[in-house]
Amino acid sequence: MSLTYTPVSEIPKIVQSLRSAFHAGVTRSLEYRKQQLRAMYNMISENDAAIREAVFQDLHKPPAELMIGESGMVKQECIDAIKNLDKWAANRSVKTSLVNKFDNVHIRKDPLGMVLIIGAWNYPLNLLLAPAVGAIAAGNTILLKPSEVAPHTAALLTKLLPAYLDQRAYRIVNGAAAETTLLLEHKFDHIFYTGSGQVGRIIMGAAAKQLTPVTLELGGKSPAFISRDVDIAITARRLAFGKFFNCGQTCIAPDYLIVERGIEDKLIEAFKASILEFYGASVQSSNSYGRIVNKSHFLRLKGLLDETKGTIVAGGEMDEDNLFISPTLVLGVDKDDKLMEGEIFGPILPLMVVDRLVEGVKYVNQGDQPLALYVFSKNKKAIDYILDHTRSGGVVVNDALVHFIVSNLPFGGTGPSGIGNYHGKRSFDVFSHERSALIKSMGMEKLNHVRYPPYTEKKTRWLDWFLFDKANFGGKAAVDAPLTNTHSSNSSTVNGATSISSNPNGRTSSPALPENQHRKAAKSENGNISHTPETSTATATTTV
């Protein structure tokens, strides 16, 4: 099935028709929205074989990976939205002051209007339709732009969508840079984009000209910290699953490993065993392993391996005609290596070996915030230290990739890895406007006289009493009082670095972390705020 681009002359007409449909109230009723969500669910369920074939032609994606990462997730989003829509869309009352006690004060959940959703090629079904579920549920009209880099899936969706969804409210535009550029010249009420940071900047720049809000789901170099106390076999198996799922072409795939020195050789051997377990002796012959999306991306990845100064210790096999690159591990990678410059987005996994994981924390913090961050450790104190001293869109401890399918967790980045988040109710919220509403009776006018001019001292005192709470926080002394802080530890700090001291029984004590960031605020009897740091004496078997 070939993909035909939408004629540029048709794009303004499509945009205008969607805006007219919104203003006509086509998508307003909750029952209409549920009907359309049921239709989307049926579209996926009734065309499973065709979807499998299209996505396979684009990415050689195994059916299990299609179900886990694409079709199953979108169907679950539809079910959750249908089941919860009445509750999500209901007005929410808010607490008011005494002066508004007899008013109807609430927050409405209104649709934004006409929205644009631009999908990505690596998950061509999910990353287009999962946001659309939220937009439909919220009552918007939608212009969908599939990725032309996955042409078979885009062509199939272009064929299926009119057969299931109301074309007055939901349309597809196909094309590449020229068509997308023209789309961005039009005014939308929200733009939702999934893709690279480079294109994300272009999207955001175009949206800024129209003062259009955006959700940007981007990416980045998502690190995985591995401490020496882990179960190496389990760690390798879970990381291999997360990294080589969809042939490494996942925005939250572990991009590189930060491995505590001393376990790297065993970890590599465990990776080899996991790859053999997953894909057999010939990975290229396995029905469970995908392919690189096209020749351009294949050559980009090949170039990274050609230029790395590290040593390929597993994999490295390639077949350009088949767009095949085997699961590949590269050891001896330093901070300046070609593999560490940008997001790899393929089945290549560099290993950076460090003496202590705190070195990895410093390295991660020198770059952009990643979309995901992974920690493998049995030491809670080490885990907490890494989480407290890094930033990322999401985090998973002792596994990889799996948070993406938890619909009640917000999925999104921070800083250069993205703006905003979605999944579940948050997808509904992304495409909704929280509209403040206060509905007042025309009666009881006498009570309003206190706020009308001419103002008097008596009126002012009454207004102050009606409108605002009163508090006594102890005066200026409470504000100026220094925070108390105590810290005790068996460890020592040399040049700002944390070290571990041995205790008499021969076991290592807990890593001495920097001064605890988490303070418990306790309110004293006189209203002052006193701060007491949390302390811990837990033992650890790994350095941070």
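Can you tally the net charge around F278? Count Lys and Arg as +1, Asp and Glu as -1, for every other residue whose Cβ sits under 13 Å from the Cβ of F278. Let's see the in-between values first.
Details: positive: R237, R238, K243, K272; negative: E65, E277.
Around F278, the surrounding residues sum to +2.
With a 1.4 Å probe and all protein chains left in place, how much of the accessible area of the chain comes from carbon and sulfur atoms, in whole percent?
Numbers: 13970 of 26000 Å².
Looking at the chain in its full context, I get 54 percent from C and S.
What percent does the relative contact order of the chain come to when contacts are Cα pairs within less than 8 Å and at least six residues apart? All intermediate terms of the calculation are to be shown ahead of the outcome.
Values: 1032 pairs, mean separation 85.5, N = 544.
It comes to 16 percent, rounded to a whole number.
If packing is taken as the average number of other Cβ atoms within 10 Å across a peptide's residues, how do 322-330, 437-445 rank, most packed first? Each step should come with its number before you reach the end.
Details: 322-330: 21.8, 437-445: 9.3.
Answer by packing, highest mean first, reads 322-330, 437-445.
Note down the magnitude of the dipole of region 101-248 about its Cα centre, charges +1 on Lys and Arg C-beta and -1 on Asp and Glu C-beta and zero elsewhere, to the nearest 20 debye.
Working: 15 positive and 10 negative charges, 36 e Å.
Around 180 debye, computed over region 101-248.
For the ranges 213-222, 232-241, what's the packing order if you count other beta-carbon atoms within 10 Å of each residue, average per peptide, and put the highest first?
On the way: 213-222: 23.5, 232-241: 20.3.
Going from most to least packed, we get 213-222, 232-241.
Once amide H atoms are built 1.01 Å from N in the peptide plane, which residues 5 or more positions from H190, or in another chain, come under 5 Å H to H?
Sorted by chain and number, the residues that satisfy this are L116.
Provide the per-residue ³J(HN,Hα) series for region 267-284, in order, calculated from phi with Karplus coefficients 6.51, -1.76, 1.60 and θ = phi - 60°, each as a whole number of Hz, with x at glycine and proline positions.
Computed from phi, the couplings for region 267-284 are 5, 4, 5, 5, 4, 4, 5, 5, 4, 5, 5, 6, 10, x, 5, 10, 4, 5 Hz.
Using the Cα centre of the chain as origin and beta-carbon charges of +1 (Lys, Arg) and -1 (Asp, Glu), tell me which of S432, I79, Y374 is placed farthest towards the positive end of the dipole.
S432
How would you rank 462-473, 46-57, 109-120, highest first, on the average number of other Cβ atoms within 10 Å across their residues? Before the final figure, lay out each step's value.
Working: 462-473: 10.6, 46-57: 17.2, 109-120: 22.9.
The peptides rank, most packed first, as 109-120, 46-57, 462-473.
Distance between the C-alpha centers of region 2-49 and region 389-445? Whole Å please.
Taking the Cα centre of each part, region 2-49 and region 389-445 sit 24 Å apart.
How big is the dipole moment of the chain about its Cα centre under a simple scheme where the beta carbon of each Lys and Arg is +1, that of each Asp and Glu is -1, and everything else is neutral? Debye, nearest 20, please. Mind dumping the intermediate values first?
On the way: 59 positive and 54 negative charges, 481 e Å.
I would put it at about 2320 debye.
Taking a probe of 1.4 Å, how large is the accessible area per residue of the chain, in Å²? Can you show the working numbers first?
Numbers: 26000 Å² over 544 residues.
For the chain, the solvent-accessible area averages 48 Å² per residue.
What does the charge count around A155 come to, taking other residues whose C-beta lies under 12 Å from its C-beta (Lys +1, Arg +1, Asp -1, Glu -1)? Each step should come with its number before you reach the end.
Details: positive: K159; negative: E53, D58, E148.
So the environment of A155 carries a net charge of -2.
Using a/c under 1.5 as the rounded threshold, could you call region 40-125 rounded, prolate or oblate? The axes a ≥ b ≥ c are square roots of the C-alpha gyration tensor eigenvalues, and prolate needs a/b larger than b/c, oblate otherwise.
On the way: a/c = 4.05, a/b = 3.11, b/c = 1.30.
Note, shape of region 40-125 comes out prolate.
Nearest 20 debye, what's the magnitude of the dipole of region 56-101 about its Cα centre given +1 on Lys and Arg Cβ and -1 on Asp and Glu Cβ? All intermediate terms of the calculation are to be shown ahead of the outcome.
Working: 7 positive and 6 negative charges, 115 e Å.
Once rounded to the nearest 20, the dipole reads 560 debye.
How much solvent-accessible surface does S285 expose, in Å² to the nearest 10, with a 1.4 Å probe and all protein chains in place?
Number for this one is 90 Å².
Which far-off residues, 5 or more places away or on another chain, put their amide H under 5 Å from the one on V395, with H placed in the peptide plane?
L373
Looking at L301, A176, I275, which one has the Cα that reaches farthest to the positive end of the dipole of the chain (charges on Cβ: Lys, Arg +1; Asp, Glu -1)?
Toward the positive end, the furthest listed residue is A176.
Tell me, what ³J(HN,Hα) does each residue in region 422-430 have, in order and in whole Hz, if you take phi through Karplus 6.51 cos²θ - 1.76 cosθ + 1.60 with θ = phi - 60° and put x for Gly and Pro?
Values, residue by residue: 8, 4, x, 4, 5, 5, 4, 5, 4 Hz.
The values are calculated or read from the model by the stated rules, or taken from the named source; none is laboratory data. Note that the coordinates shown come from a computational prediction; the quantities given were computed from them, not determined experimentally. Positions of Cβ are generated from backbone atoms using ideal geometry, with glycine treated the same way; all protein chains shown enter the neighbour counts. Ligands, DNA and RNA are stripped out before the accessible areas are found, and what is left, the full protein with its side chains, is counted by its heavy atoms. Shrake-Rupley method; radii C 1.70, N 1.55, O 1.52, S 1.80 Å.
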